[in-house]
Amino acid sequence: MRVIGGTVAPADKYPSVAAIVRSDISGVTQVCGGVILTQRHILTAAHCFKKPTTFLVNFKNYKVRVGSTLVHTGGSEHRVNLVMFHPKFHLHTTENDLAIMRTETTIAYSKSVQPATIPSYTYRLRDNESMWAVGWGETSQGGYESEQLRHVEVKVINQNTCKTLYKHLRPIDDNALCAGWLNGGGHDQCQRDSGSPLYHKGVVVGIASIGEGCGKPEFPGICVRLSRYASWIRDMTKTGNFKS
């Protein structure tokens, strides 16, 4: 999933965001984003760890960086020792596209490192309300990812409108949150933004999942609607900040 049309995010504006990087023989690569749930848990997209032809990736190749707007420097870095997938995650349809990473070491909170506020089941968004998508992903479709955290304003897209736009491509259910600009496009998340947060008044209402291209007005980005997963997140972490 895919920040298009955005700008560099101010330092400390998004203290709950995390960069997820993977190490292999070719070096260290930023692969996804995530958000801090607790001092040992990071929420991200499940498909970040799985490929269509294989079922598992070596978790020990993954690290998370928190407390920095840069992918490769600053803040603190933590190895991952466990990834818990949503039990109903479907690899090919990306339904229930959520996973919680557990870090080997404790994340120290500070001004630039804070747990995310997650919406409760009763949290409601109105059509056309403003949200902010963030991430280190590609700044244009097929382009290069960003070393600096970027953010872009997007709008809540009416659910029925989103279903109609995607009707020939994929089903859109109530667990999805569609975000973008139907008038002109150009504002979106892009490749390597998967797992990155979508903020509404400081609350993380969505996690970037899938879409059709980047920044297309006819195809808004599709995020996981976190209010539908509040109980699962609470069960997995035994804690959390929830907003009604």
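Every read-out reported here was derived from the displayed coordinates using simple, explicitly stated rules and does not represent laboratory data. On a predicted model such as this, the values are computed, not experimentally measured, just so you know. Ideal geometry is used to build each Cβ from the backbone, glycine not excepted, and the neighbour counts take in all protein chains shown.
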Worksheet item: With charges set only on the Cβ (+1 for Lys and Arg, -1 for Asp and Glu), what does the dipole of the range 57-119 come to about its Cα centre, in debye to the nearest 20?
Response: 180 debye
Response to the item:
Filtering trypsin sites (Lys or Arg not before Pro) in the range 63-158 by DSSP loop and by at most 15 other Cβ atoms within 10 Å leaves Lys88, Lys111, Arg124, Arg126
Worksheet item: What is the gain in length, in nm to one decimal, between Asp174 and Thr93 on full extension, counting 0.36 nm per residue of separation less the C-alpha to C-alpha distance?
Response: 27.7 nm
Worksheet item: Roughly how big is the range 86-138's charge dipole about its Cα centre, with Cβ charges of +1 (Lys, Arg) and -1 (Asp, Glu), in debye to the nearest 20?
Response: 240 debye
Practice prompt. Can you give me the P(r) profile for the range 69-150? Cα pairs, bins 10 angstrom wide beginning at 0, each as a whole percent.
Written response: 12, 27, 45, 16, 0
Worksheet entry | Full-stretch length increase - Asp235, Asp12 - with 0.36 nm per residue and alpha-carbon distance subtracted | 77.4 nm
Worksheet item: Rounded if a/c is under 1.5, else prolate if a/b beats b/c, else oblate: with a ≥ b ≥ c from the C-alpha gyration tensor eigenvalues square-rooted, which is the range 1-130?
Response: rounded
